[in-house]
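Here is the structure we will look at.
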Amino acid sequence: MSRKPLLAAVGAALLTFIAGTTTARAASLPFALKSIGPGVYAAIDGPEDQAGSNAGFIVGETGVVVVDAFFSPAAAKALLAEIRRITPLPIRYVVNTHYHADHTGGDAVFREAGATIIAHRNVRGWVRTENINLLGGAGIKPAYRMLVEGLALPDQGVSGDLTLWLGDRRVEVRSVKGHTGGDLVVAVPDAHVLFCGDMVWWRVSPNVIDGTVADWMASVAGFAAASDAAETRFVPGHGELADVSDVRDFGAYLQLLSKETAAARANGLSGEALVAAVLPKLKAVYGGWEAFDYFAPKEIGFMAAELAGTKRRPVPAP
Ligand SMILES: [Zn+2]
């Protein structure tokens, strides 16, 4: 199976968005819905990347929590329809793991269904601005700009941890550091499930455009060191369901990226020469990961900027 790089995927999802013709009961869903615990489901993006990212939901006694909303509102509508096939309970919340448009594009679908949109407190200031940078900056396509400027804003901001109760069922929303400066993960302790958003990627080269890899490595090590890690299903932002060994593999990728970039800097390299020196070392181990050729050279540049102290990152609003 090969997936297109994120921006190509976003393009495919955008076509669906603009056309607005995909029905909620399309013959084939844009994701695979997987039961990963009692009343806990992961929606794993299909091979054509029509949804744009992974998502999921948790059913409790008193309602439903959705985690992430894909890029494509059509895919979000399809997920809403799948939820409705499973339970008539209200959709109480949609939790965004971060502001990136491939995880927030369908928020309005769940808000219209009655959900409160919860995100890290920084997301509200970034969702309609920083996504311009994510999707091409000054040269962003007009259709992308239209999409970004129409994204729903969160209703509730989280800067630490938040516990949501669905009757007796406890859902833990946790602030973590690494991918964007406004990241949440969602744990379902009774089912040993952790929705990781883009804090974990499964055999897909990650986008570190907004990342702080030093923090990210520590967060991923923390996921793998949890007392129930061996029995936990980890839902990554992109790629298939992960277990703790996959999470450790992803952490090792970040470590190699950091280590080899630091070594190249220590050898006096910078710019394209640094990328040319580091890329083969990453490729030797991870060249088979999806989107490696697209993302890895950019990641090395971002990593070098982080180590040099010149990395551009989104700035939190007051
Ligand atoms: Zn992301």
Within region 265-272, does at least one residue satisfy the condition of being surrounded by 13 or more Cβ atoms within 10 Å (Cβ to Cβ), of a type in the set (A, V, I, L, M, F, W, C) and under 25 Å from Lys177 (Cα atoms)?
no
Subset of region 76-112 that is over 19 Å from Gly39 (Cα atoms) and either away from the ligand (no atom under 16 Å from the Cβ) or modelled with pLDDT under 95 (or both) - its residue that is surrounded by the most Cβ atoms within 10 Å (Cβ to Cβ)
Val109
Hey, does region 163-179 have a residue that's over 30 Å from Pro90 (Cα atoms), within 16 Å of the ligand (Cβ to nearest atom) and either touching a Pro at 6+ places or on another chain (Cβ under 9 Å) or among the polar types (S, T, N, Q) (or both)?
yes
Going by the conditions given, is Val176 more than 21 Å from Glu299 (Cβ to Cβ), crowded, with 22+ Cβ neighbours inside 10 Å and in contact with a Ser or Thr (Cβ under 9 Å, 6 or more places away or on another chain)?
no
Look through region 113-142, keep the residues that are farther than 19 Å from Val185 by Cβ and of a type in the set (S, T, N, Q), and return whichever of them is farthest from the ligand (Cβ to nearest atom).
Thr129
Can you confirm whether Arg145 is of a type outside the set (A, V, I, L, M, F, W, C), more than 18 Å from Gly56 (Cβ to Cβ), in contact with a helix residue (DSSP H, G or I) (Cβ under 7 Å, 6 or more places away or on another chain) and more than 16 Å from the ligand (Cβ to nearest atom)?
yes
Restricted to region 180-189, and to residues that are away from the ligand (no atom under 11 Å from the Cβ) and touching a residue at least 60 places away in the same chain (Cβ under 8 Å), which residue is nearest to Phe295 (Cα to Cα)?
Gly181
Looking only at region 190-202, filter to residues that are of a type outside the set (A, V, I, L, M) and within 16 Å of the ligand (Cβ to nearest atom); which one of those is surrounded by the fewest Cβ atoms within 10 Å (Cβ to Cβ)?
Trp202
Tell me, which residue of region 228-238 that is surrounded by fewer than 23 Cβ atoms within 10 Å (Cβ to Cβ) and hydrophobic (A, V, I, L, M, F, W, C) is nearest to the ligand (Cβ to nearest atom)?
Ala229
Conditions: (1) more than 17 Å from Val94 (Cα to Cα); (2) within 16 Å of the ligand (Cβ to nearest atom). Gly150 meets all but one. Number of the miss?
(2)
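For region 110-130, which residues satisfy the criterion of being of a type outside the set (Val, Ile, Thr) and either in a strand (DSSP E or B) or within 16 Å of Ala76 (Cβ to Cβ) (or both)?
Phe110, Arg111, Glu112, Ala113, Gly114, Ala115, Ala119, His120
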The one condition Ala225 fails out of (1) more than 16 Å from the ligand (Cβ to nearest atom); (2) under 23 Å from Ser245 (Cβ atoms); (3) touching a residue at least 24 places away in the same chain (Cβ under 8 Å) is (3)
3 or more residues more than 22 Å from Ala291 (Cβ to Cβ): qualifying strands (runs of 3 or more DSSP E) within region 34-92
55-59, 64-67
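The values are calculated or read from the model by the stated rules, or taken from the named source; none is laboratory data. This one's a predicted model, so the numbers in the text were calculated from it and none came from an experiment. Virtual Cβ from ideal backbone geometry, glycine too; neighbours counted across all protein chains shown.
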